[in-house]
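Presented below is the structure to which this report refers.
The values are calculated or read from the model by the stated rules, or taken from the named source; none is laboratory data. Since we're looking at a predicted model, the values are computed, not measured. A quick note on method: Cβ atoms are made from the backbone with ideal geometry, for glycine too, and the neighbour counts reach across all protein chains shown.
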Amino acid sequence: MARKELLGVRQPMSDEARAKIAASVRANAEKKRQELGISESQNQKAPELIKMRNQHFDPDLFVNMVTGKEVDGFFSNDGGIPKACNFIITGGPGVGKSTVGLDMLSDLAMSGHSVLFVSAEMTRIDLFQYVQRFPKFGSIPILFLGEYSDSNPKRIMEEVLAEGYDCVLIDSFAEVQSTVKETLHISGNAAEKWLIDLMLSHNLGGNKNKKNTTFLAIQQVTKGGVFVGSNKLKHNTTGMLELRREGEDINPHMIFTKNRRGQVQEKLFYSLSQSGDVDYQRSNMSFDVDGIEEVEPVEVKMDPMDISELSEVLSKLKI
């Protein structure tokens, strides 16, 4: 018997079958949009041309948040951490990204600002021991996102942020993105877009207390120090802050490679002192805090012949 007769002839797909498949595809796409909080109207937003002379903002939006430390002048030319901005903090393991971020957050809290720490990497036990060394971190409200990985971390993040905060520290952006991606079974790009859009929404006061939230988001780097993140993330950030420890530096330093509100390529050295505080200074010297010894001055000795020769040279120069 011919092979064609054995297999039969495939009948063309009916219009009804095509319509069912198309409806199923549209339904799945709509489900994904709903999971990400995206509506059809958002996708079809009409273009709008803006003239900045017609823009008006509350003057309080441009009153920066201050920690009371030298890091204020490092973040912005006006002093303090600006509102409604997103800063990415990168650096290698152990350089102090979480500590520096939490120190700024707790200093802002002591200045009267509402703050939140979203921890997607450390557990309650990790943080408990951590706070023993840095007691000032103990009063910061914390969302342990990893505790909701079996439910819906996206919804949890949205509900908590809906309250409205002045400053939110995320540790880390990549881990939040990964948790949402795996839980909702969506792509990494979709999870990243959701998180960026969420940050931008709260920058604009999209929360109950109309807070123009600033986000400090710790982001991972590769072993070679390359930033892990898309161009979309880079473009939607006000500043890229790198924490580094180089060569024989006495202390690690931070440096802005991008900062729309302040200077770039300037170094600010910091010390994770034993007092449970972070200290900053512009020069690469030892910090005189909590038993940390200063660099001892080097005594230069000259023999009598050297001194006489120096005196002769100075007399000739009439100094």
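For the range 225-232, the criterion of a residue being within 24 Å of Ala190 (Cβ to Cβ), in a loop (DSSP other than H, G, I, E, B), touching a strand residue (DSSP E or B) at 6+ places or on another chain (Cβ under 8 Å) and modelled with pLDDT under 90 is satisfied by at least one position. The condition of being surrounded by 13 or more Cβ atoms within 10 Å (Cβ to Cβ), closer than 30 Å to Gln132 by Cα and modelled with pLDDT of 95 or more does not hold for Thr238.
Exactly one residue among Glu121, Glu163 is surrounded by 15 or more Cβ atoms within 10 Å (Cβ to Cβ) and closer than 26 Å to Lys181 by Cβ, and that residue is Glu121. Filtering Ser273, Ser172 for residues that are under 20 Å from Glu147 (Cα atoms) and not β-branched (Val, Ile, Thr) leaves a single hit, Ser172. Please specify each residue of the range 95-113 satisfying the condition of being among the charged types (D, E, K, R) and farther than 14 Å from Lys136 by Cβ. Within the range 95-113, Lys97 is the sole residue that qualifies. Report yes if some residue within the range 63-84 is farther than 30 Å from Glu121 by Cα and hydrophobic (A, V, I, L, M, F, W, C); otherwise report no. The answer is yes, given that some residue of the range 63-84 is farther than 30 Å from Glu121 by Cα and hydrophobic (A, V, I, L, M, F, W, C). Could you grab me the full set of residues in the range 240-277 that are in contact with a helix residue (DSSP H, G or I) (Cβ under 6 Å, 6 or more places away or on another chain), of a type in the set (A, V, I, L, M) and farther than 25 Å from Gly229 by Cβ? Passing the criteria: only Leu272. Scan the range 185-194 and give yes if some residue there is under 30 Å from Tyr270 (Cα atoms), surrounded by 13 or more Cβ atoms within 10 Å (Cβ to Cβ) and at pLDDT below 95, otherwise no. No, the range 185-194 has no match at all. Restricting attention to the range 168-224, the residues being closer than 20 Å to Ile140 by Cβ, part of a helix (DSSP H, G or I) and out of contact with any Gly (no Cβ under 9 Å at 6 or more places or on another chain) number 2.
In the range 60-94, of all residues being within 17 Å of Thr237 (Cα to Cα) and of a type in the set (Ser, Thr, Tyr), the one that is surrounded by the most Cβ atoms within 10 Å (Cβ to Cβ) corresponds to Thr90.
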